[in-house]
Amino acid sequence: MSKSFSFISLVFLILGCKTPSFIFDENKLNLNLTERSLKKNINTPHNEINSLTKKGDAVFLFGNKTQGLNFNLKYKKKQGIQINGSIILPVFKLLISPVDIGFYEKLNKQYTSISYEQIKKLFGININYKNLESIFLGKPYDKKYFNSSKLFFEENKYVLVNENSKLRTNFYYDSSFRLIEQSVEWKNSVIRVVYDSYDLIDKEWIPNFIEISIENKKQKYNLTLKSNSTGINETFDMNFNVPLDYNKIEIL
């Protein structure tokens, strides 16, 4: 495993993180709910989220290695997601933009950037900024697959499945129409995002605990993001400026 691939694997995994709430209740699951009604309930927001801030703890697992750190996240709709990581002192900055993903870390004074086309070459899957924005907000990563999915009932969950010759997508919802898991499976690989709990803020459910995993025959990567504080629709600035004396790592 090259340094550059491990580096971008970390970048790619950090894509993805008032009363915490997550309860399964089989008595609340409506087995008579139609596919159309379910999707309508899922697609009806109470408030528009234009910006979001989060602070909390993250744990990254790569092979047998585990690294914990604190994160500070800022999000602006259609503009970007910025994540700052620290272990007592600042360690890295990550910016997910509509154009590409930029990353730099202070220990080795290195930086990199990767386009969504490069991500496709590395992982064999089409993904864009809108997909990542949806994953972070606890929404279906791709509306196209969600809209054409079929409804099933499984262990107190509403399950929406879309499958074709290239990939399979699964969306799992609880009785309150909160997304509790989504996955994309293709060839011998799978990306899975699990939402273990939510915060109810201004009548809108916001993911509080997110676990992201990427797995294939050779490797498995796992990232958990646990938020300690969350704010929505606040005013703030985002800045991402790579220091001039940092060395660039080429991904491809």
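Could you say which residue among 179, 252, 200 is at pLDDT 95 or above, aliphatic (A, V, I, L, M) and farther than 19 Å from residue 60 by Cα?
Step by step, each of 179, 252, 200 is checked, and only 179 is at pLDDT 95 or above, aliphatic (A, V, I, L, M) and farther than 19 Å from residue 60 by Cα.
Scanning for something of a type in the set (S, T, N, Q) and within 16 Å of residue 133 (Cα to Cα), does the stretch 220-233 turn up at least one residue? Yes - at least one qualifying residue is present in the stretch 220-233. Scan the stretch 40-67 for residues that are loosely packed, with under 13 Cβ neighbours inside 10 Å and either under 18 Å from the mean Cα position of the chain (by Cα) or of a type in the set (D, E, K, R) (or both) and the total you get is 3. With respect to the stated conditions, residue 161 is out of contact with any Cys (no Cβ under 8 Å at 6 or more places or on another chain), among the β-branched types (Val, Ile, Thr) and surrounded by fewer than 17 Cβ atoms within 10 Å (Cβ to Cβ).
Between 102, 80, the distinction of being in contact with a Ser or Thr (Cβ under 9 Å, 6 or more places away or on another chain), at pLDDT 85 or above and closer than 28 Å to residue 216 by Cα belongs to 102 only. Can you tell me which residue in the stretch 187-206 is nearest to residue 227 (Cα to Cα), limited to those that are surrounded by fewer than 17 Cβ atoms within 10 Å (Cβ to Cβ) and over 18 Å from the mean Cα position of the chain (by Cα)? Filtering first and then ranking leaves 200. For the stretch 86-127, the set of residues classified as in a strand (DSSP E or B), farther than 20 Å from residue 244 by Cα and in contact with a Leu (Cβ under 7 Å, 6 or more places away or on another chain) consists of 86, 87, 96, listed by residue number. Within the stretch 174-202, the set of residues being touching a helix residue (DSSP H, G or I) at 6+ places or on another chain (Cβ under 7 Å) and part of a loop (DSSP other than H, G, I, E, B) comprises 175, 177.
The values are calculated or read from the model by the stated rules, or taken from the named source; none is laboratory data. The structure displayed is predicted, hence computed values, not measured ones. Reconstructed Cβ throughout: ideal geometry from the backbone, glycine too, with neighbour counts over all protein chains shown.
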